[in-house]
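Novice: My structure is below; once you've seen it, I'll send some questions.
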Amino acid sequence: MANTTDPHVPQLVYSCVSKRVVEGELFIRQHVVDYIIAGTSEVSFGGQSHLFQAGDFRFAARNRLSKFVKQPPQGGEYRSLSICIDQTTLLELKSQFQSDGADAAAYDNVFVLKPNPLFNNYIDSLLPYVEHNHQLEASLVRVKVKEAVLIFLAANPHLKALLFDFNEPGKIDLQAYMEEHYHCNSTLEHFAYLTGRSLSTFKRDFGKLYHTTPSRWLVQKRLEDAHYLLKEKKRKSTEVYLEVGFKDYAHFFVAFKKHFGIAPSMMQ
């Protein structure tokens with residue numbers, strides 16, 4: 001099993017933004033529970049989009065790729081509080097919960113937890129700290145993360161199959177995965193890991209399958225999608241580049257013009 005805690009990921013994250021934010025893709029190796037305080041958030045994965053509203057408790061499963069768009073309310077700010085559940089905490093709690101043999105892979109990347117007063121009480125206990133930028137002691141953060149797990153399992157006992165699944169991704173169908181996730185602006189290292197391969201094996205298997213490199217294939221697929229959205233859907237070039245998987249507009253502009261012989265802005 002890999003390192004159970006990512007030192008680069010804060011366990012409590014308070015977000016506050018006043019304009020629409022597209023996060024591209026999100027990949028972390030910890031489960032995350034978000035509470036949306038104000039605004040809306042759209043999440044895309046597996047070719048589907050889901051809209052989450054203020055008041056929703058949202059669970060994002062680890063080792064999955066998803067795109068997030070944060071939208072503040074009219075004249076206000078998008079605000080949310082995220083709890084990152086590290087594997088060390090889950091290992092400490094595992095013995096208290098008996099497995100029911102359910103399949104962790106059956107869950108969506110991101111889904112809403114059923115409302116429960118305990119959730120709201122838990123968030124209320126944290127907001128005075130995060131809203132006033134008070135630094136929590138590391139020992140208190142660990143206690144609050146453990147408390148979150150116990151509360152969420154008390155209200156949703158079926159989640160133990162997902163929470164206590166410590167397996168790393170196994171080798172899966174490369175073509176099916178890439179055709180579904182090429183729009184995610186992820187690294188080749190992440191694609192390799194999520195398909196159960198080392199980077200060298202991923203590149204070798206990819207070459208046998210597509211007869212090109214992963215980087216070239218990804219750019220080609222994203223450009224084809226962008227061309228369709230610009231020509232058929234009359235979308236703006238400044239909107240589609242993130243949607244199809246490009247990290248920045250400059251790279252998209254150069255790649256599009258080189259491939260199609262016309263600037264993407266001229267397609268509108």
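Novice: Using the Cα centre as the reference, give the magnitude of the dipole from point charges on the C-beta atoms of the chain (Lys, Arg: +1; Asp, Glu: -1; all else neutral), rounded to the nearest 20 debye.
Specialist: 900
Novice: Set the Förster radius R0 to 35 Å, insert the Cβ-Cβ distance between Gln175 and Glu42 as r into 1/(1 + (r/R0)^6), and round the FRET efficiency to 0.05.
Specialist: Rounded to the nearest 0.05, the efficiency is 0.80.
Novice: Scan around Phe57 for amide H atoms under 5 Å from its own, H built in the peptide plane at 1.01 Å from N, and keep only partners 5 or more places away or cross-chain.
Specialist: Leu113
Novice: Which whole-Hz couplings ³J(HN,Hα) result when phi for each residue of the stretch 58-63 is put into the Karplus expression 6.51 cos²θ - 1.76 cosθ + 1.60, θ = phi - 60°, listed in order with x for Gly and Pro?
Specialist: Going residue by residue, I get 10, 9, 10, 6, 6, 6 Hz, with x marking Gly and Pro.
Novice: Count the lysine pairs in the stretch 12-163 that are 8 or more places apart or on different chains: how many have C-alpha atoms under 16 angstrom apart? Can you show the working numbers first?
Specialist: Working: Lys19/Lys70; Lys94/Lys146; Lys94/Lys160; Lys114/Lys160; Lys146/Lys160.
Going through the stretch 12-163 pair by pair, I get 5.
Novice: Please list, in chain and number order, the residues 5+ apart from Asn185 or on another chain whose amide H is under 5 Å from its amide H, with Hs placed from the backbone.
Specialist: Distant-sequence amide H within range of Asn185: Glu25.
Novice: Using a simple charge model, +1 on the beta-carbon of Lys and Arg, -1 on the beta-carbon of Asp and Glu, nothing else, what dipole does the stretch 109-247 show about its Cα centre, in debye to the nearest 20?
Specialist: That gives the stretch 109-247 a dipole magnitude of about 460 debye.
Novice: Which shape class applies to the stretch 20-61: rounded if a/c is under 1.5, otherwise prolate when a/b exceeds b/c and oblate if not, where a ≥ b ≥ c are the square roots of the Cα gyration tensor eigenvalues?
Specialist: Here the stretch 20-61 falls in the oblate category.
Novice: Specify which labelled value, from (1) 20.2, 65; (2) 20.3, 62; (3) 21.4, 73, agrees with Rg and Dmax of the Cα atoms in Å derived from the coordinates of the model shown.
Specialist: Computed from the coordinates, Rg and Dmax of the Cα atoms in Å corresponds to (2).
Novice: Let me spell out the model: positive unit charges on the Cβ of Lys and Arg, negative unit charges on the Cβ of Asp and Glu, origin at the Cα centre of the stretch 174-267. What dipole size does that give, in debye rounded to 20?
Specialist: Value, rounded to 20: 280 debye.
Novice: Starting from the amide H of Ser66, placed 1.01 Å from N in the peptide plane, find each other amide H under 5 Å away whose residue is 5 or more places distant or on another chain.
Specialist: Residues meeting the amide H criterion: Leu26.
Novice: Can I ask one more? Could you please rank Ile37, Ile28, Ile85, placing first whichever residue has the fewest other Cβ atoms within 10 Å of its Cβ? All intermediate terms of the calculation are to be shown ahead of the outcome.
Specialist: Working: Ile37 18, Ile28 14, Ile85 21.
So the residues, fewest neighbours to most, are Ile28, Ile37, Ile85.
Novice: For Ser139 paired with Tyr14, estimate the spin-label separation in nm (one decimal), with each label point 7 Å from Cα along the Cα-to-Cβ line.
Specialist: With each label point 7 Å from Cα toward Cβ, the separation is 2.3 nm.
Coordinate-derived values only; no laboratory data. All figures in this text were calculated on a predicted structure; none of them were measured in a lab. Virtual Cβ from ideal backbone geometry, glycine too; neighbours counted across all protein chains shown.
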